[in-house]
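In what follows, a structure is listed as structure tokens, so that the remarks can point back to it.
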Amino acid sequence: MAGTGNQIVEVSTKPFVGQKPGTSGLRKKVAVFQQPHYLENFVQSVLDVLIDRGEGGPGKTLVVGGDGRFFNRQAIQTILRLAAANGYAKAIVGRDGILSTPAASCVIRGRKADGGLILSASHNPGGPEGDFGIKYNVAAGGPATESLTNAFHARSETIERYRTLDGKPEVDLGREGLTTMGAMAVDVIDPVADYAALMETLFDMEGIAGLFREGFTMRFDAMHAVTGPYAVKILEGRLGAAPGTVVNGMPLEDFGGGHPDPNLTYAKELADLMMSESAPDFGAASDGDGDRNMVLGRGVFVNPSDSLAVLAANAELIPGYRGRMTGVARSMPTSRAVDRVAAKRGWECHETPTGWKYFGTLLDAGRVTLCGEESFGTGSDHVREKDGLWAVLAWLNVIAARAQTVEQILFDHWANYGRTFYSRHDYEGLDAEKAGALMDHVRSLDLKGRALAGVPVVLHDDFSYVDPVDGSRASGQGIRIEREDGARLVVRLSGTGTEGATLRLYLERYEPDSTKHGQGAQEALADLIRATRDLLSLEERFGSETPTVIT
Ligand code: G1P
Ligand code: ZN
């Protein structure tokens, strides 16, 4: 019976090449996802694997939501039809199809769902010409591990049919409450409530509200992405920040034409404001799906590696972490500033490959409490994703408890632990073959014992990792070149881009002398930067050695 919207139908299909999830899910141009059967194939591949493992399908609950970018709503309807046709008992969906990545993780955990599909290409531009993405998070709330994403990919290469409902029924995503899709229950929920309630349990909300009552000023740039409704509700609604504190707070399908990545290049307006005479006390921004954060004080930018170290050092001031810090973890290219805090406190400290998924086992095992990446990702064991607004609230909590400015907090931290000057230089849109050749070249160099900017190299390897909890291995995770004085260069290629290749260079140098802590990072790293560009022959290889983004 066609057209009833309740009949399960099997549609025959053929595999698409390249449905291979990268650092964070499957990301492609919107046009790729819009091809007939493309999304259905991938979702069915995911569901087939989950059903085989007893983690999906009959009797199970699936969370679905996204960052609101173009194609989000349509994709959600497609996913709901497939979930229903594959026997799911229930789907939990954010109203209007909205769930930030950390909120999705919070909902999966809090409502004891069996997993979730999150629709996002994070900070990549949106709109019909932009990017779209989809990733699966497991019942613990975190991104699927590599063995799972490899299984999705393998399945997508042999898929011959998918199950859906005929008549293309749709759920009214604008109305909260219970409804159905075929035989599956669908609960359309307030996308903010669960998350806001979780934040209440972690932070000294009264202390932060007191800060705002005393006239503390802030700007939060939501970059027309998903965090707007969360930030308005929590910062302005709950904590009493002045109306208008949140700017660009309305999520737009194309993010207002912007590039919703909170860094000094793409959140330039905020950065400029914070460096100007009229800067508020505190500035922050978040990305497309709400998991990244950038924080700034009046006249200072807080490097994300430093942010992790400062939050770890001050965790005792935050009620949700007082007395329960066990360890910290950072991705390999993240600066080693946090290692110094861990060493002083006697905590475990882990260096993991790039990507949040590598923190999951450590968080689940209770071996780390806070973790972070240099790529503007900071988080904790409260969910299994990095969390932009969480980091902002954590900073506000620390500012309120210490009654200091961001600048004072930073300089105090450096005075205690020394400063790790740090910068990442990105080269976007490179020819993929040439970028691959560069990586082969750097790998093949025998640098140990040779000098880099005058100081001998003591370590030169391609980072590999053995997970201390489950023993799983990852190799080829980026080239580390470390000097005798502790300065370090890391070279790797991005795994999240959708066009050509992006080369990332990560540079750091430790400076214990506090009379030198006022220097700018680029200045402090100038020798290392020069030596790196020469070592890699960037000018000869790519016709330019000027990065497209510097953070
Ligand atoms: C980038 C970041 C990485 C982060 C990922 C997802 O991945 O470098 O730290 O986990 O985005 O937000 P990359 O493009 O470098 O593979
Ligand atoms: Zn993101």
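The values are calculated or read from the model by the stated rules, or taken from the named source; none is laboratory data. None of the values given here were measured: they were computed from a predicted structure. A quick note on method: Cβ atoms are made from the backbone with ideal geometry, for glycine too, and the neighbour counts reach across all protein chains shown.
The sole residue among GLY240, GLY249, GLY256 that is more than 16 Å from ligand 2 (Cβ to nearest atom), closer than 30 Å to ASP131 by Cβ, surrounded by fewer than 21 Cβ atoms within 10 Å (Cβ to Cβ) and of a type in the set (Gly, Ala, Ser) is GLY256. Screening the range 19-63 for residues that are farther than 12 Å from VAL138 by Cα and of a type in the set (Val, Ile, Thr) and picking the one that is nearest to ligand 1 (Cβ to nearest atom) gives THR23.
Hey, could you check the range 104-114 for residues that are surrounded by 21 or more Cβ atoms within 10 Å (Cβ to Cβ) and over 19 Å from GLY377 (Cβ atoms) and say which is nearest to ligand 2 (Cβ to nearest atom)? The extreme case among them is VAL107. The sole residue among THR369, THR354, THR361 that is crowded, with 20+ Cβ neighbours inside 10 Å, within 26 Å of HIS425 (Cβ to Cβ) and within 19 Å of the chain's Cα centre (by Cα) is THR354.
When GLY130, GLY142, GLY126, GLY87 are screened for being surrounded by fewer than 24 Cβ atoms within 10 Å (Cβ to Cβ), under 22 Å from ALA285 (Cβ atoms) and touching a Lys or Arg at 6+ places or on another chain (Cβ under 9 Å), only GLY130 passes.
Could you identify the single residue in GLU407, GLU385 that is in a loop (DSSP other than H, G, I, E, B) and touching a Gly at 6+ places or on another chain (Cβ under 9 Å)?
GLU385
If the condition is being surrounded by fewer than 24 Cβ atoms within 10 Å (Cβ to Cβ), within 15 Å of ligand 2 (Cβ to nearest atom) and more than 14 Å from VAL302 (Cα to Cα), then the range 262-291 contributes only TYR266.
Restricting attention to the range 438-486, the residues that are touching a residue at least 12 places away in the same chain (Cβ under 8 Å) and either farther than 20 Å from SER537 by Cα or surrounded by fewer than 12 Cβ atoms within 10 Å (Cβ to Cβ) (or both) add up to 19. Scan the range 468-498 for residues that are at pLDDT 95 or above, of a type in the set (Lys, Arg) and more than 12 Å from ligand 1 (Cβ to nearest atom) and the total you get is 3.
Here is a yes/no grid of residues against (1) among the acidic types (Asp, Glu); (2) within 16 Å of ligand 2 (Cβ to nearest atom); (3) touching a strand residue (DSSP E or B) at 6+ places or on another chain (Cβ under 6 Å):
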residue	(1), (2), (3)
GLY18	no, no, no
GLY25	no, yes, yes
GLY54	no, no, no
THR61	no, no, yes
LEU99	no, yes, yes
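Taking the range 146-222 as the region of interest, the strands (runs of 3 or more DSSP E) fully inside it that hold 1 or more residues being among the aromatic types (Phe, Trp, Tyr) and within 30 Å of the chain's Cα centre (by Cα) are 218-221.
Of the residues making up the range 317-349, those that are under 23 Å from the mean Cα position of the chain (by Cα), closer than 19 Å to ASP364 by Cα and surrounded by fewer than 23 Cβ atoms within 10 Å (Cβ to Cβ) are GLY320, TYR321, MET325, THR326, GLY327, GLU348, CYS349.
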